[in-house]
Amino acid sequence: MKKLLLILICFLFVSKIKAQYVTIPDAKFAAYLQSIIPAAMNGNQMDTTNTAVTTLTRIYVENDSIGDLTGIQYFDSLKTLDCGNGKYAVAPTNYLTSLPKLPSALDSLVCGNNKITNLPILPNTLKTLKCYQNPLHNLPALPNPLLYLDCSFDSLVNLPVLPNTLIYLDCSFNKIANLPLLPNSIDTLTCRNNLLASLPSLPTSLRSLDCQINQLTNLPTLPTLLGILSCNNNQLINLPLLPTNLNYLNCYVNQLTVIPILPNSLVLLRCDNNQLTNLPTLPINLAFLGCSNNNILCFPILPNTLDGIYNYQQGTGFDCNLSNNPFTCLPNYVSAMDAATLAYPLCVTGNTNNCPASQGIFGYAYKDMNSNCMRNAGDTNLKNISIQLYDAVNNLLGQTYSALNGVYDFPQTMGTYTVVIDTMGSVPFTAQCNNLGLDSTVTVANIDTNVNFSLTCKPGFDVGVLSTVTYGLAFPGQQFVLNTIAGDISQWYNLTCATGISGQVQITVTGPVTYFGAAPGALTPVVGGNVYTYNIADFGAVNIMTAFNMAFDINTTAQAGNLVCINIAVTPTAGDNNVSNNNYSYCFPIENSHDPNLKETYPVNVLPGYNDWFTYTIHFQNTGTAIALNINLVDTLDTNLNLSTFQVINYSNKNTASVNGNVLSFNFPNINLPDSVSNPLGSIGFVQYRIKPKANLPNGTKIKNTANIYFDYNPAIVTNTTVNTFTTSTTGIKEIAAKNNLMVYPNPANSNITISSLTEFGIITIYNALGEIVLKQNSNNKQEKINISALPQGVYFIKTQQGTQKFIKE
């Protein structure tokens with residue numbers, strides 16, 4: 001009987017160790033497992049011997065509303081467990097209060113933003129631990145292989161011994177008063193928002209130190225490899241010697257009276273809210289300067305890298321905030337300054353604070369309202385005036401545009417330069433005064449701070465078209481606004497030169513779109529099919545920026561790549577100083593869903609030797625979760641483009657533009673662009689410019705351009721790369737612009753082309769490349785639609801009473 005009982009006990013024991021199924025108590029976790037290892041699941045029962053369980057290496061249940069991970073211990077091969085929530089989420093969606101025993105092979109654990117009060121014993125294979133934003137009061141012993149530890153936003157009062165392998169530590173937003181010995185392996189230390197009164201000796205390997213928002217009164221010796229130092233919001237009264245490799249220094253909100261010598265490597269300096277009375281010499285590559293709320297009377301020369309473009313990786317500029325200091329003048333202007341800062345005068349000898357006199361080339365473009373050939377307070381500031389800088393041997397050094405207040409600057413060192421505003425071309429203005437410093441060409445010796453240009457309207461007028469662009473991206477089923485700048489061209493520069501001139505603006509739109517109506521603030525056209533006509537009594541009284549804006553719905557049947565083409569004709573031509581801009585055509589493709597930050601070009605494909613405009617449009621949208629305070633665009637122009645022909649022709653928001661070498665910069669300071677969720681239309685912006693290629697480029701030449709878009713301090717969003725191809729067998733849209741009033745679009749075309757002119761045609765004749773007539777018809781109209789589907793692919797010529805127009809058929 002005893003023997004039988006013993007056998008029974010053994011039988012029961014064997015039965016227990018051979019059990020295959022365990023219960024997964026959390027329904028959400030069970031549902032997740034059912035989706036990734038269905039062969040091992042039977043409802044909420046999991047077969048622990050199934051190979052799907054024993055071989056699984058990754059479980060990712062972030063934000064899955066899970067409260068219990070019981071069952072995780074059976075995944076013997078698990079390497080990665082992510083059961084956290086977003087680090088800065090308002091509230092967690094997982095709500096774990098504890099973790100079960102962890103698999104012994106685990107090397108990465110992410111359990112941040114839960115309600116975990118204690119962590120279990122960590123496997124000795126663990127290399128990554130992210131346990132941020134939990135009510136943890138302490139951490140278990142850390143395994144020796146650990147490389148990455150993020151325990152920020154917990155309730156820690158101390159840290160355990162740190163393993164000698166650790167290279168990254170973020171223990172910010174805790175209650176830590178003392179740090180343990182830091183291993184020499186660490187290259188990134190973030191200990192902000194704690195109770196630290198001092199730091200231990202820093203390892204020589206350290207490259208990034210963030211100790212802001214503590215109680216520090218001094219810093220230890222800084223490692224020579226340190227590139228980033230954020231020690232703001234402490235009680236520092238001085239800084240140690242700065243390493244020669246330092247790139248970023250944030251030391252604002254302290255009690256500093258002096259900043260040490262700044263290394264030439266520095267690209268960012270934030271020293272706001274201290275007790276500074278001066279600044280040291282600023283590095284020539286400084287990109288961001290914030291020194292507001294100090295006691296600074298005089299500033300050193302501000303480097304021209306403060307141009308409104310900022311990139312942590314490349315170290316190119318962003319901002320310049322000098323506000324709330326008792327200075328009365330500036331050493332120079334830089335394009336990153338806002339209007340309030342630009343209102344300060346430049347320092348001259350004997351100024352109030354005895355600051356050094358300013359250096360560089362500065363001035364204004366303005367209209368002299370009292371004709372005294374001096375810029376006075378009542379004069380009209382002129383914007384968008386292109387100003388070019390040449391050296392003594394006539395090499396183009398750079399180009400900028402006058403800002404809204406008329407100011408421009410070239411922060412050059414001593415030398416001889418020529419500053420040029422071209423009044424001889426197609427612009428509607430001319431020089432008003434011919435004194436030195438006021439006429440259209442000025443030679444500046446050494447330094448000059450008063451190179452002003454007084455401009456006024458040319459005799460006659462210039463009505464025409466400057467630009468057309470879509471405001472909002474063209475997606476099927478969506479609506480966009482066609483923004484057209486047309487009418488009195490002088491208004492683009494803040495002049496009014498076509499007062500009393502009457503005429504007509506006619507816009508023809510072809511493609512898969514339907515007219516919705518006039519945009520807010522625009523005139524209402526007379527609609528005839530796809531032709532929209534505006535009869536203008538006085539061009540001088542019509543706002544060129546808003547008058548001709550129209551809203552269109554894109555047909556739901558439209559396909560990506562379908563073309564929308566716009567042809568614009570402006571009359572009168574009699575008496576017009578510049579008839580070359582009376583006609584304008586532009587085509588753009590329908591897009592499908594993609595990144596709304598993109599770059600467009602028109603035309604795409606051209607014939608060899610093409611020497612007319614390429615138009616580029618950079619679209620941007622704030623798809624973040626908060627307002628974008630500043631937006632900056634940088635675009636390196638292709639070496640096959642003629643930089644001297646660069647022109648800004650349209651933009652959604654005020655900005656400053658400059659070309660240094662072949663690097664084009666647009667700065668939108670204080671744009672305050674809403675996010676796309678709260679204000680979809682308001683979150684969109686654009687800038688448009690045009691430039692001609694170098695002469696006689698051969699077949700096969702490709703012109704490539706890519707823009708970088710910076711939203712505040714975030715890394716660049718890189719747009720698509722536009723490609724303009726010089727080819728004899730084009731497959732894109734191209735119009736070889738005639739120097740007359742004849743327009744042909746779309747071009748190339750598959751089936752139909754539209755020909756338009758300001759006068760009636762008479763006979764329309766189409767020739768092939770051999771000079772043979774392939775189509776001929778009579779016309780008494782100003783616009784004709786011609787079916788060319790029967791023509792083979794090639795290059796053709798159109799002859800009318802207006803002359804000859806070349807077009808390409810796909």
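Quick look at the values:
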{"item": "Where a residue in region 201-212 is free of Cβ contacts under 8 Å to residues at least 24 places away in the same chain and over 12 Å from Thr188 (Cβ atoms) and its partner, wherever it lies, is of a type in the set (Gly, Ala, Ser) and in a loop (DSSP other than H, G, I, E, B), with Cβ under 6 Å and at least six apart", "result": "none"}
{"item": "Condition broken by Thr93, with the remaining ones in (1) closer than 18 Å to Ala31 by Cβ; (2) in contact with a Pro (Cβ under 9 Å, 6 or more places away or on another chain); (3) of a type in the set (S, T, N, Q) satisfied", "result": "(2)"}
{"item": "Pro596 open to solvent by 40 Å² or more (accessible area, probe 1.4 Å), farther than 22 Å from Trp492 by Cβ and either assigned to a strand (DSSP E or B) or touching a residue at least 60 places away in the same chain (Cβ under 8 Å) (or both)", "result": "no"}
{"item": "Checking Phe666 against (1) farther than 17 Å from Phe711 by Cα; (2) open to solvent by less than 30 Å² (accessible area, probe 1.4 Å), the condition it does not meet", "result": "(1)"}
{"item": "Residues (in a strand (DSSP E or B) and surrounded by 15 or more Cβ atoms within 10 Å (Cβ to Cβ)) located in region 518-551", "result": "Ala518, Val531, Tyr532, Tyr534, Ile536, Met550, Ala551"}
{"item": "Conditions (1) open to solvent by less than 60 Å² (accessible area, probe 1.4 Å); (2) in contact with a Cys (Cβ under 9 Å, 6 or more places away or on another chain); number of the one not met by Arg192", "result": "(1)"}
{"item": "Residues (closer than 20 Å to Leu226 by Cβ, in contact with a Leu (Cβ under 6 Å, 6 or more places away or on another chain) and open to solvent by 10 Å² or more (accessible area, probe 1.4 Å)) located in region 268-287", "result": "Pro280"}
{"item": "Failed criterion for Ser358 (all others in (1) modelled with pLDDT of 80 or more; (2) part of a loop (DSSP other than H, G, I, E, B) hold)", "result": "(1)"}
{"item": "Filter result (of a type in the set (Phe, Trp, Tyr) and out of contact with any Asp or Glu (no Cβ under 6 Å at 6 or more places or on another chain)) within region 529-552", "result": "Tyr532, Tyr534, Phe548, Phe552"}
{"item": "Identity of the residue in region 538-566, among the aliphatic types (A, V, I, L, M) and over 12 Å from Gly487 (Cβ atoms), that ends up farthest from the chain's Cα centre (by Cα)", "result": "Ala558"}
{"item": "Among the residues listed as Leu69, Leu78, Leu96, Leu102, the single one being touching a Ser or Thr at 6+ places or on another chain (Cβ under 7 Å) and part of a loop (DSSP other than H, G, I, E, B)", "result": "Leu78"}
{"item": "Any hit, region 612-627, residues being more than 24 Å from Phe686 (Cα to Cα) and either touching a residue at least 60 places away in the same chain (Cβ under 8 Å) or surrounded by fewer than 22 Cβ atoms within 10 Å (Cβ to Cβ) (or both)", "result": "no"}
{"item": "Looking only at region 81-90, and only at residues there that are out of contact with any Pro (no Cβ under 6 Å at 6 or more places or on another chain), in contact (Cβ under 8 Å) with a residue 12 or more places away in the chain and assigned to a loop (DSSP other than H, G, I, E, B), the one that is farthest from Leu56 (Cα to Cα)", "result": "Ala89"}
{"item": "Counted residues, region 552-571 - those being outside any loop (DSSP other than H, G, I, E, B) and either open to solvent by 10 Å² or more (accessible area, probe 1.4 Å) or touching a Cys at 6+ places or on another chain (Cβ under 8 Å) (or both)", "result": "7"}
{"item": "Residue that is at pLDDT below 85 and open to solvent by 20 Å² or more (accessible area, probe 1.4 Å), where the choices are Leu643, Leu681", "result": "Leu681"}
{"item": "Qualifying positions in region 65-94 - open to solvent by 60 Å² or more (accessible area, probe 1.4 Å) and at pLDDT below 90", "result": "Tyr88, Val90, Ala91"}
{"item": "Selection status of Ile121, assigned to a loop (DSSP other than H, G, I, E, B), open to solvent by less than 30 Å² (accessible area, probe 1.4 Å), β-branched (Val, Ile, Thr) and over 20 Å from Tyr60 (Cα atoms)", "result": "no"}
{"item": "Any chance Ser208 is within 25 Å of Pro263 (Cβ to Cβ) and touching a strand residue (DSSP E or B) at 6+ places or on another chain (Cβ under 8 Å)", "result": "yes"}
{"item": "Residue check, Asn720 under 40 Å from the mean Cα position of the chain (by Cα), open to solvent by 60 Å² or more (accessible area, probe 1.4 Å), closer than 30 Å to Thr636 by Cβ and at pLDDT 70 or above", "result": "yes"}
{"item": "Some residue of region 326-337 being open to solvent by less than 50 Å² (accessible area, probe 1.4 Å), assigned to a loop (DSSP other than H, G, I, E, B) and modelled with pLDDT of 90 or more", "result": "yes"}
{"item": "Unmet criterion (only one of (1) outside any loop (DSSP other than H, G, I, E, B); (2) farther than 17 Å from Asp150 by Cβ; (3) of a type outside the set (Asp, Glu)) for Leu129", "result": "(2)"}
{"item": "Residues that are open to solvent by 10 Å² or more (accessible area, probe 1.4 Å) and under 30 Å from Leu396 (Cβ atoms), drawn from region 628-640", "result": "Asn630, Val634, Thr636, Asp638, Thr639, Asn640"}
{"item": "Failed item, numbered, when Lys694 is tested on (1) on the phi > 0 side of the Ramachandran plot; (2) out of contact with any Phe, Trp or Tyr (no Cβ under 9 Å at 6 or more places or on another chain)", "result": "(1)"}
{"item": "Complete set of residues in region 684-704 that are open to solvent by less than 30 Å² (accessible area, probe 1.4 Å) and within 12 Å of Thr725 (Cα to Cα)", "result": "Pro693, Leu697, Thr701, Ile703"}
{"item": "Only one of Ala498, Ala574 that is outside any strand (DSSP E or B), open to solvent by less than 50 Å² (accessible area, probe 1.4 Å) and of a type outside the set (Phe, Trp, Tyr)", "result": "Ala498"}
{"item": "Identity of the residue in region 382-414, open to solvent by 40 Å² or more (accessible area, probe 1.4 Å) and in a strand (DSSP E or B), that ends up farthest from Pro303 (Cα to Cα)", "result": "Leu396"}
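A quick yes/no check of all residues on (1) more than 30 Å from the chain's Cα centre (by Cα); (2) surrounded by fewer than 16 Cβ atoms within 10 Å (Cβ to Cβ):
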| position | (1), (2) |
| --- | --- |
| Lys175 | yes, yes |
| Asn184 | yes, yes |
| Ser198 | yes, yes |
| Leu216 | yes, no |
| Gly227 | no, no |
| Pro240 | yes, yes |
| Pro243 | yes, no |
| Asn254 | yes, no |
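The values are calculated or read from the model by the stated rules, or taken from the named source; none is laboratory data. Bear in mind that the values here come from a model prediction, so they are computed numbers and not experimental data. All Cβ positions, glycine included, derive from the backbone under ideal geometry; neighbour counts span all protein chains shown. Protein only, heavy atoms only, side chains kept; ligands, DNA and RNA dropped before computing areas. Shrake-Rupley method; radii C 1.70, N 1.55, O 1.52, S 1.80 Å.
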